[in-house]
Every structure is written in C-alpha cells, then in structure tokens.
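The values are calculated or read from the model by the stated rules, or taken from the named source; none is laboratory data. Keep in mind that this is a model prediction, so the values were computed, not measured. Backbone-built Cβ (ideal geometry, glycine too); neighbour counts: all protein chains shown.
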Amino acid sequence: MPSRRHFLRGTGAITAAASAAAVSRVALAALPDPVIQTKPDTMPPYVPAGVTGAGRPYRPVVTLNGWTLPFRMHNGVKEFHLVAEPVVRELAPGMKAHLWGYNGQSPGPTIEVVEGDRVRIFVTNRLPEHTSIHWHGQRLPNGMDGVGGLTQPTIHPGKTFVYEFVARRPGTFMYHPHADEMVQMAMGMMGSWITHPRGRHALIDEVDRDFCFLLNAYDIEPGSYTPKIMTMLEFNLWSWNSRVFPGIDSLNVRLGDRVRIRIGNLTMTNHPMHLHGHEFLVTGTDGGPTPKSTRLAEVTTDVAVGQMRQLEFVADEPGDWAFHCHKSHHTMNAMGHDVPTMIGVDHRQVVSKIKRLVPEYMVMGERGMADMAEMEMPLPDNTLPMMSGAGPFGSVEMGGMFTVLKVRREQRPGDYGDPGWYRHPQGTVAYEWGAAAAEPPRSGATGGQSMPLRTAAARDVEIRVRKPGRSAVHAGH
Ligand SMILES: [Cu+2]
C-alpha cells in the first residue's frame, strides 16, 4: 500500500499529520494509522507539536540511521501503532537485506515518551508467523510484559494487540519480540525506547545532543539477502541499527556540546564500545541513571548482551574521532575465517605453478591483510567489501561497528548534518620522516634467552593450495 507510506523528511517538526488526517476519516477510537519509514537515513529529532505538561518540552533523541515514531494524544494517553512486517533494509550502499522489522524498517522506530506518561501501543502483526513485544527494562503490569505463552497469548498473523502502561521511570530501554525470539531477533525485530525525566533530575544532566542506537548482528551469506536464522554466535555482519560501516552515519556535534550516546545490545555477544579523543562517563545503565559517585572516566565500556548503557562527555576536541566496537573482527564486514596467516611466507615460487591450475588465483596476506581493502577483487552481488570506507587520507580499512564522531566549531546548534572531513590545522597531522632512519641498537648478547634477529627465510614450509572464491574468501564468518 504505497499510498500509506509516509516519508518523514525535511524539518524537525515531523508530526503524524498524514496519519492524523487518516484518523479523522474514521472514528477517533479507531486504530491510529501506522506511520511508515523506508529510508535508512538519520532523521531529524521528533518534536511533538501541541503537547504540554511536566517535562515538556524535552530534548528529543536522534536515532542513528533511524527515526522516532510519531504518536497521537487520545484522552491523555499517548498512542503509538507498531506494525511488525517484512522489510528491505540497506545495510550499506551496495547491500540490501530482507529482514523483519516494524513500520518499514529494521530496527523499528524509537519510541520516546516522558516519565509518568500513560502509553498505549497498538501492535499489528503482518508477519507470516505469530509474534509479541517485550518492553525490555520497563516497570509495568505483568500482563503487559509481552512474553508469549507466559503473560499473553501470541499475536497471530493479521491480528492487532494493545499494550498499555505508564512509563514509570526515566531511562534507556529496548523492545523486541518474546515469541520465536531467536529467529525474530536474527531477522532484525527490535527498537529503542527512551523515557525522558519528568522535570529536572538530580542524576540526569541536560545535554545538547542525545543519540541512540542498538547493537545488532546478522549472518547473511555473501550474495544472498536473508539472514540465517539458526546462527547462534557466528554472525558475519556486525551492525548498529542494522547498518554497517561505511553505511553508519557520523555523529555530528558542535565543539563544546555536552553529548549523550545511548546504546542497547541485542546481539548475542558483548561489545566494548571505544571512543577516540575524549573520556566519557557511564551515566546510565539498565536500571536508569547511575549515582554520580560511581562514574569513572572511560574511553571504552563494555555493553553486554541485553544491556543498555548511556555515555556522556563534553565534545571539546575538534576533529574526526573514530567511535567503534573494540573487537577488531566486529569492525569488518563478511569475510572468510579459513584464510591462513601468510605473513612472512614468500610464495612467489609457487604462485606461477598454482596459476597453471587455477588461473584466477591471488596471493593474499603476504604482508598482512591491508591489501584486501583496496584490492579490486570480484565480489558476489549484494555483498560488501570486508574492509572499506574512503577517508581523506585513503581507505579506512574498516567495516561493521565503526563510525566517526565529528566535532566542529562551525556546527550550528540543532544542525545534525554532515560537515564533511575535518580540515586539520597545519602541522597537526602525523607526517613522514624525511631522512633515513638510523638502525635501532640491538642486544648482542648470545646467552640465556636471547633471540637473535632472524635473517633467513624459513625453509620447508608446507603449503596447501586454497582456491579463491566463496569457499576461501567469503565463506561466512
Ligand atoms: Cu563488537
């Protein structure tokens, strides 16, 4: 039904205008028209119009490569409509995935409310199997907890269920199915939930920019479109809000901004989140704001499976600062794990012999794997290079869970647009040493555990021929 797909773009004042118009055609008591978003862009913050009261206005969040779901007020209740449905998500330019999500996207839209709000969420199931939604971390009546079979019957295809509860405490939350959970989360069904404090809060500082995203992961065979749903740990695409580098938008801030980043982890492993150039405090965990006495300055914090964390810092160093998961294989896209280490192996002799058998054979990894980032290697359709992303100085050699925090003096308040690459002041970039480097002094001792520099290449190296192609280069993760 393309006529019902509304594209939210342009101003920060996006509202459910189109859905409100549809609502007026039917009785007000009817289901709110679902608002659908199909673009993977980071949308401007959602500022609800005409909503007054305690805690309003609040500083809305910006969902990385995502959006906030508009609501309608109905007799003092904030009403949302989530539609669980198959979606097509661009993970990064060059690769689309056939996922399940909500309202046209995976992850689903962020739900953003104020502490004390009564919230009613209509959930329509347009999937081929039953589902439910669990409101991860919320205080709520037991029957609203969304555990299929335990606290409610599941929502069958074509049916709509209603969840209703009061957002009792401020913080960062998530939502996801609690029915056929392993399959439905492997297919991309999840979303963020932000509850702002009702007023000034002793432990919640006001910030200039408030970002949120989920850590998620997929196992998609290069050349195919649909995730493998029975994968337990060996995922091959490590994503933030179902995007991988270079598809993840940068976090663009103004010099001196107080910045909050809210992160939830719905993958099956932990992610040590690492920010360059700044120290941050963990100001919030699963249970809400942390006591100030517990806040340690960090540059990396681990976000374990099922956890939410809030990082805060003052962006007082201009530049393009890497922000990524510190598990190095999580900053890569799909690759083969059965590639042997070839560093230090001189196999020039054997290449010509192998090429007689396998004409397209390529030598890989003789000097490390950096060549891979720039190599023009044929890839199957619908896949991404293992390491890519063109920066101002060359290939960034990254993939997966990586993006850039861009801190700029010129960034205007409220402007989330990409300012381009940082222009480094003269004399502040690492540079090549122009003269010959002296040989470093080395120990001449021969006793004990001394290990003299090896000068001769190893002999009698056993070599197994591996053919290029799916089996060796892009065989899962
Ligand atoms: Cu990771």
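Among the conditions (1) surrounded by 12 or more Cβ atoms within 10 Å (Cβ to Cβ); (2) at pLDDT below 95; (3) away from the ligand (no atom under 16 Å from the Cβ); (4) assigned to a loop (DSSP other than H, G, I, E, B), residue 343 misses just one, which is (1). The residue of segment 296-326 that is farthest from residue 175 (Cα to Cα), among those that are small (Gly, Ala, Ser) and within 15 Å of the ligand (Cβ to nearest atom), is 322. Of the residues making up segment 269-289, those that are under 21 Å from residue 193 (Cα atoms), within 11 Å of the ligand (Cβ to nearest atom) and not polar (S, T, N, Q) number 2.
Going by the structure shown, is residue 335 modelled with pLDDT under 70, aliphatic (A, V, I, L, M) and within 16 Å of the ligand (Cβ to nearest atom)?
yes
Only a single criterion out of (1) touching a residue at least 12 places away in the same chain (Cβ under 8 Å); (2) not in a strand (DSSP E or B) is not satisfied by residue 119, namely (2). Please verify whether residue 186 is of a type in the set (A, V, I, L, M), touching a Ser or Thr at 6+ places or on another chain (Cβ under 8 Å) and more than 16 Å from the ligand (Cβ to nearest atom), treating the condition exactly as stated. Spelling it out, residue 186 is indeed of a type in the set (A, V, I, L, M), touching a Ser or Thr at 6+ places or on another chain (Cβ under 8 Å) and more than 16 Å from the ligand (Cβ to nearest atom). The conditions of being farther than 20 Å from residue 101 by Cα and out of contact with any strand residue (DSSP E or B) (no Cβ under 6 Å at 6 or more places or on another chain) are met by residue 233. Which of the residues that make up segment 152-174 are under 24 Å from residue 66 (Cβ atoms), surrounded by 19 or more Cβ atoms within 10 Å (Cβ to Cβ) and β-branched (Val, Ile, Thr)? If the condition is that a residue be under 24 Å from residue 66 (Cβ atoms), surrounded by 19 or more Cβ atoms within 10 Å (Cβ to Cβ) and β-branched (Val, Ile, Thr), then 155, 172 are the ones that fit.
A count restricted to segment 386-412 and to residues that are at negative phi and touching a strand residue (DSSP E or B) at 6+ places or on another chain (Cβ under 6 Å) stands at 12. For segment 175-182, state whether one or more residues are over 23 Å from the mean Cα position of the chain (by Cα), under 22 Å from residue 285 (Cβ atoms) and buried (at least 16 other Cβ atoms within 10 Å of the Cβ). No, that holds for no residue. Among the residues of segment 215-230, the ones that are within 14 Å of the ligand (Cβ to nearest atom) and closer than 13 Å to residue 99 by Cβ come to 3 in all.
So which residues in segment 176-198 are under 24 Å from residue 96 (Cβ atoms), in a loop (DSSP other than H, G, I, E, B) and in contact (Cβ under 8 Å) with a residue 60 or more places away in the chain, if there are any at all? Spell out the reasoning first.
Start the filter on segment 176-198 by keeping residues that are under 24 Å from residue 96 (Cβ atoms), which leaves 176-177, 180, 182-192.
Add one more test, that the residue is in a loop (DSSP other than H, G, I, E, B), and what stays is 177, 180, 187-190.
The answer is 177, 187, 188, 189, 190.
Answer yes if at least one residue in segment 402-418 is crowded, with 21+ Cβ neighbours inside 10 Å, in a loop (DSSP other than H, G, I, E, B) and within 16 Å of the ligand (Cβ to nearest atom), and no otherwise. No, segment 402-418 has no match at all. Quick check: anything in segment 246-262 within 16 Å of the ligand (Cβ to nearest atom) and either touching a residue at least 40 places away in the same chain (Cβ under 8 Å) or more than 16 Å from the chain's Cα centre (by Cα) (or both)? Yes, segment 246-262 has at least one match.
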